[in-house]
Amino acid sequence: MAQGDAMNSVRLQRRSPQGESRGWSEQVHPVVQRIFAARGVFEPMQAEHRLSRMLPPQQLGGIDAAVALLIEAIAGDWSIVIAGDYDCDGATGTAVAVRGLRMLGARQVSYAIPNRFVHGYGLSPALVQSLNPRPQLIVTVDNGVASVAGVAVAKALGIRVIVTDHHLPGEQLPAADAMVNPNLSGDGFPSKALAGVGVMFYLLLALRSRMRESGVFGEGMGPDLSTLLDLVALGTVADLVPLDYNNRVLVEAGLRRLRAGRGCAGIVALVEASQRSLATLCPSDLGYAVGPRLNAAGRLEDMRLGVECLLADSASLARRQAQQLSAINQERRDLQASMVAEAEAMVRLAHDTDATGVALYEPSWHAGVVGLVASKLKERLHRPVIAFAPASEDDPDDLRGSARSIGGFHIRDALAMIDARHPGLIERFGGHAMAAGLSLKAAHFQRFADAFDGLAREWLSEEALQAMLYTDGELPPGAFTLDLARQLRYAAPWGQAFPEPLFDNVFECAQWKTMGEKHLRLSLRDPRDGAVHDAVMFNAYDGTPPPRALRAAYELVINDWQGRESVRLLLRHIEPA
């Protein structure tokens, strides 16, 4: 019996309340109050995600200069190109920029998304030189802070540039006309967790505010930019940025629009294609079902298909595009499964489970999927992992790597340290604490792998290498109810850094059977009151039966079968009790 989907042992650790709950109504289940307290939310106001409580756009550094240039561009009827990125955050941010600027009066707005195999990442010189006709203004979304060369080429061609980004800056910043990024050194914006789509949305809010002040809308208030919040929610969740209070406000507002049937045609079609319900949509649906369909286009083909789906106003057109994206995503899933299996075999054969920092390279791998391979291996090994593939079929000497990390090992800082200690080893790199990308020569791979493992051994303690699964403790007898399951589902936008409620209890396995080849369905008896609960566990069966007495970490979810709702335990980990 596999204890979850892991190659590394997991230890359960219960969260503790960070303070005392107060002021909750009787309708809020005590378990929900306990869960909120363990996440630093102690009173109802902190759990009310109202748009009126968003941080004001004026606190973002550089936003005044960006707004002034956009006002000049709209008044002068400039041609504007939105330079996006080939992931879900970049695609939704591009759609927000195009839709929003058109709403605010820009008439010549188009977009360009780099092809990762042709142009590389971000606003590269190759992407700038491919723009035809040449625009008067480029606005980047979810990229640009590292595009020193690309911005220089644009400026040399007489193109003005606004950079909007959320990635961490390097030592040198591009010479853009304006730059909006909450993660720039000295920026006073209180939240550093905005996704690229969130930064773009904030710029549009500031632009509309300035236009109101200038009387552009007469007695009116201007366009309703809240219609873009479904796109903001999708990009924010899919990019795995921390869901701090401000991001939860944005995500909750977008989910409300979608649940009410007021989402854009493209997202609605993607939800339908993923066989999710709009009425009960939650962040995990966006992160695990909708987002991957968009990301697959950027990984394997061209993200323009994804952006076109998000820009579609016709439901029938959006459905056709969503079906195309679903087909590409299935291709991505098949390719990913094959590459992950190869990576696991490489780890076993090379005994790289002894490595603290794991770097893997296979010449046949696809550069668009290595990030997913690194993510899977990181989960299973609980080690920082970087997976490499040739940059393209025509360029086997250049490698593209995608890194995923664990707590306590800031992966971008690690790459910066390796770059400082071994000048010239890494050609380019960038990213965040938990994910990054880099390029290097194939001939340098082993040198890099040794340096990466050495730095990981230097920075990571044995305690940091122990995989921990944090739970919210036991559910008491009688709490396994539909009412609690509903409250848990809709109490907050759960996600990155604000995790979904996860409980752990001791049960007796009364019955079990397989579903397909790898999944389990179990009947678990609670020894405290004899109640028997339906449970499922995916990708868990390895040919051996589950323990008779077991401790399970699980989510309390709603099983909707043919219109009938029941409570189900979704098991994430089991071990002998």
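The values are calculated or read from the model by the stated rules, or taken from the named source; none is laboratory data. Quick caveat: nothing in here was measured; it's all calculated off a predicted structure. Cβ placement follows ideal geometry from the backbone for every residue including glycine, while neighbour counts extend to all protein chains displayed. Accessible surface is based on the protein model in full, side chains and every heavy atom, while ligands, DNA and RNA are left aside. Shrake-Rupley method; radii C 1.70, N 1.55, O 1.52, S 1.80 Å.
As an exercise, identify the GluC sites (Glu not before Pro) in region 494-565 lying in DSSP coil whose Cβ has no more than 14 other Cβ atoms within 10 Å.
Numbers: sites: E508, E517, E555, E565; in loops: E517.
Qualifying residues, ordered by number: E517.
Return the long-range amide H neighbours of R572 (sequence gap of 5 or more, or a different chain), with a cut-off of under 5 Å between placed amide H atoms.
Amide H neighbours of R572, under 5 Å, 5+ apart: A553, Y554, E555.
Which whole-Hz ³J(HN,Hα) couplings does region 66-83 yield from phi under the Karplus relation 6.51 cos²θ - 1.76 cosθ + 1.60, θ = phi - 60°, glycine and proline marked x?
5, 5, 4, 5, 5, 4, 4, 5, 5, 5, x, 6, 5, 7, 10, 10, 8, 9
If one computes the Cα centroid of region 214-278 and of region 407-448, what distance in Å separates the two points?
35
Add -39500 (n - 2.57) for each DSSP H run of 4 or more in the chain, then divide by its residues: what number comes out at 222 nm, to the nearest 500 deg cm²/dmol?
Details: 16 runs with 205 residues, N = 577.
Estimated from H runs of four or more residues: -11000 deg cm²/dmol.
Compute the normalised compactness of the chain: alpha-carbon radius of gyration over 2.2 N^0.38 Å, N being the residue count.
Numbers: Rg = 24.3 Å, N = 577, 2.2 N^0.38 = 24.6 Å.
In units of the 2.2 N^0.38 Å rule of thumb, it is 0.99.
Pairs of Cα atoms under 8 Å, at least six residues apart: use those to get the relative contact order of region 283-418, whole percent. Before the final figure, lay out each step's value.
On the way: 163 pairs, mean separation 23.5, N = 136.
So the answer I get is 17 percent.
State, as an integer percentage, the relative contact order of region 108-190 based on alpha-carbon contacts under 8 Å between residues 6 or more apart. Working shown, then result.
On the way: 135 pairs, mean separation 19.9, N = 83.
Relative contact order for region 108-190 comes out at 24 percent.
If I take every Cα pair under 8 Å that is 6 or more residues apart in the chain, average their sequence separation and divide by the length, what percent do I get for the relative contact order?
After rounding, I find 14 percent.
What part of the accessible area of region 156-201, given as a whole %, is carbon or sulfur when the probe is 1.4 angstrom? Intermediate values should be presented prior to the final figure.
Values: 790 of 1600 Å².
The value for region 156-201 is 49 percent carbon and sulfur by accessible area.
Can you figure out the FRET efficiency of S226 with N559, using R₀ = 35 Å and their beta-carbon distance, to the nearest 0.05?
Values: r = 33 Å, r/R0 = 0.95.
So, using R0 = 35 Å, E works out to roughly 0.60.
Could you list which residues have their amide H under 5 Å from that of N505, counting only those 5 or more apart in sequence or on another chain, with H placed in the peptide plane?
Here A552 satisfy the definition.
According to the square roots a ≥ b ≥ c of the eigenvalues of the Cα gyration tensor, what is the shape class of region 1-136, taking rounded for a/c under 1.5, prolate for a/b larger than b/c otherwise, and oblate for the remainder?
Numbers: a/c = 3.71, a/b = 1.69, b/c = 2.19.
Verdict is oblate for region 1-136.
Please give the per residue accessible area of region 167-230, computed with a probe of 1.4 Å over protein heavy atoms only, in Å². Kindly include the intermediate steps, with their values, before the conclusion.
Values: 2610 Å² over 64 residues.
Computed with neighbouring chains in place, this is 41 Å² per residue.
Taking H placed 1.01 Å from N in the peptide plane, check which residues at least 5 places from W512 or on another chain put their amide H under 5 Å from its amide H.
Those lying under 5 Å, H to H, from W512 are S523.
Hey, what does the equivalent ellipsoid look like for region 286-393, semi-axes from the Cα gyration tensor as sqrt of 5 times each eigenvalue, largest first, whole Å?
Working through the eigenvalues yields semi-axes of 32, 13, 10 Å.
On the accessible surface of region 221-367, probed at 1.4 Å, how many percent belong to carbon and sulfur atoms? Provide the component values of the computation, followed by the final result.
Numbers: 2850 of 5690 Å².
Heavy-atom surface of region 221-367 belonging to carbon and sulfur, 1.4 Å probe: 50 percent.
Any chance you could check the Cα centroid distance between region 134-182 and region 483-504 for me, in angstrom?
39
List the lysines whose Cα sits under 18 Å from the Cα of K376, skipping any in the same chain fewer than 8 residues away.
Filter leaves K518.
Just the number please: accessible area per residue for region 428-577, 1.4 Å probe, all protein chains included, in Å².
For region 428-577, the solvent-accessible area averages 49 Å² per residue.
Using θ = phi - 60° and the Karplus form 6.51 cos²θ - 1.76 cosθ + 1.60, what ³J(HN,Hα) does each residue of region 318-324 get, whole Hz, x for Gly and Pro?
4, 5, 4, 5, 5, 5, 4
Find the accessible area per residue for region 39-117; the probe is 1.4 Å, ligands and nucleic acids are left out, and the unit is Å².
On the way: 2840 Å² over 79 residues.
Accessible surface, normalised per residue, equals 36 Å².
Residue-wise, which Karplus ³J(HN,Hα) couplings in Hz belong to region 541-550, taking 6.51 cos²θ - 1.76 cosθ + 1.60, θ = phi - 60°, and x for glycine or proline?
Going residue by residue, I get 8, 10, x, 10, x, x, x, 5, 10, 9 Hz, with x marking Gly and Pro.
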